[in-house]
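The values are calculated or read from the model by the stated rules, or taken from the named source; none is laboratory data. Fair warning: this is a prediction, and the values are worked out from it, not measured in the lab. Here the Cβ positions follow ideal geometry from the backbone for every residue, glycine too, while neighbour counts run over all protein chains shown. We work out accessible area using only protein heavy atoms, side chains counted, and drop any ligands, DNA or RNA first. Shrake-Rupley method; radii C 1.70, N 1.55, O 1.52, S 1.80 Å.
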Amino acid sequence: MSNRQERPSNSQQRWRIAALAARLLAEDGISELALAKRKAARRLGLPESTLMPDDNEVEAELRSYQRLFQNEEQPARSARLLRTAARLMAIMQPFNPYLTGAVLEGIAGRHAEIDIQLFPDSAKDVEIFLLNERFDYHHSPPRTERAEAVLTMIADDAIANLVVYPRREERVSFRARDGRIRKRARLDAVNKLLAAIPLPSR
């Protein structure tokens with residue numbers, strides 16, 4: 001009996017964490033899934049040992065939240081961020097740019113950041129290029145050991161992270177924390193996504 005009682009409890013806790021994490025991602029200026037889950041668990045008063053929902057569960061709750069509460073603003077936000085990403089990717093073409101993350105997935109919250117992967121011969125080449133093009137940027141902590149640098153800038157009032165990897169990593173499949181292969185897209189695919197976003201009705 002005790003085991004049967006524990007399973008619904010664990011499942012309910014995972015759902016509560018996922019639902020609150022989704023709201024934090026959508027509304028409260030958090031852009032990382034792992035951070036949103038940790039903050040959600042703390043706000044719910046759950047111990048650190050609590051079994052966390054996986055990224056799929058949080059993303060499903062985030063999509064539901066955005067459909068319910070941000071149905072009108074979400075398409076416009078996605079289009080705006082995709083346009084900014086496409087503009088930056090066009091500029092960064094010498095370094096083989098790929099869009100990844102929430103903007104590509106179509107689940108960007110109000111404070112989502114644009115993540116663009118670059119694969120230059122050297123991270124210094126990117127910095128020299130940005131300086132020559134008069135882009136203001138700063139270094140941010142890399143989220144993975146494979147990244148050589150993260151160069152963060154403001155573009156069209158959005159935060160954009162240029163995540164620089166060694167050129168040899170371009171053919172490697174990147175995985176999220178839960179083991180899923182992370183989606184990424186070249187500029188032509190991003191432009192197709194932009195073209196597919198419906199125009200707002202007047």
How many residues does region 113-154 hold that are in contact with a Lys or Arg (Cβ under 8 Å, 6 or more places away or on another chain) and either loosely packed, with under 12 Cβ neighbours inside 10 Å or at pLDDT below 95 (or both)?
1
Under 7 Å between Cβ atoms, at least 6 apart or on separate chains: pull out the pairs that start in region 24-44 with a residue that is under 11 Å from H111 (Cα atoms) and end on any residue that is among the polar types (S, T, N, Q).
A26/Q66; A26/Q70
Determine if region 51-68 includes at least one residue that is free of Cβ contacts under 8 Å to residues at least 40 places away in the same chain and within 24 Å of G179 (Cα to Cα).
yes
So which residues in region 69-100 are out of contact with any helix residue (DSSP H, G or I) (no Cβ under 8 Å at 6 or more places or on another chain), without any contact (Cβ under 8 Å) to a residue 60 or more places away in the chain and open to solvent by less than 30 Å² (accessible area, probe 1.4 Å), if there are any at all?
R77
For region 102-115, what are the residues that are free of Cβ contacts under 8 Å to residues at least 60 places away in the same chain and under 13 Å from R182 (Cβ atoms)?
V103, D115
Can you tell me which of E145, E133 is charged (D, E, K, R) and in contact with a helix residue (DSSP H, G or I) (Cβ under 9 Å, 6 or more places away or on another chain)?
E133
Out of (1) over 13 Å from the mean Cα position of the chain (by Cα); (2) part of a strand (DSSP E or B); (3) surrounded by 14 or more Cβ atoms within 10 Å (Cβ to Cβ), the odd one out for N161 is which?
(1)
Tell me, yes or no, whether region 54-66 has at least one residue that is part of a loop (DSSP other than H, G, I, E, B) and either among the aromatic types (F, W, Y) or open to solvent by less than 40 Å² (accessible area, probe 1.4 Å) (or both).
no
Subset of region 6-28 that is open to solvent by 40 Å² or more (accessible area, probe 1.4 Å) and more than 16 Å from T50 (Cα to Cα) - its residue that is modelled with the highest pLDDT
R23
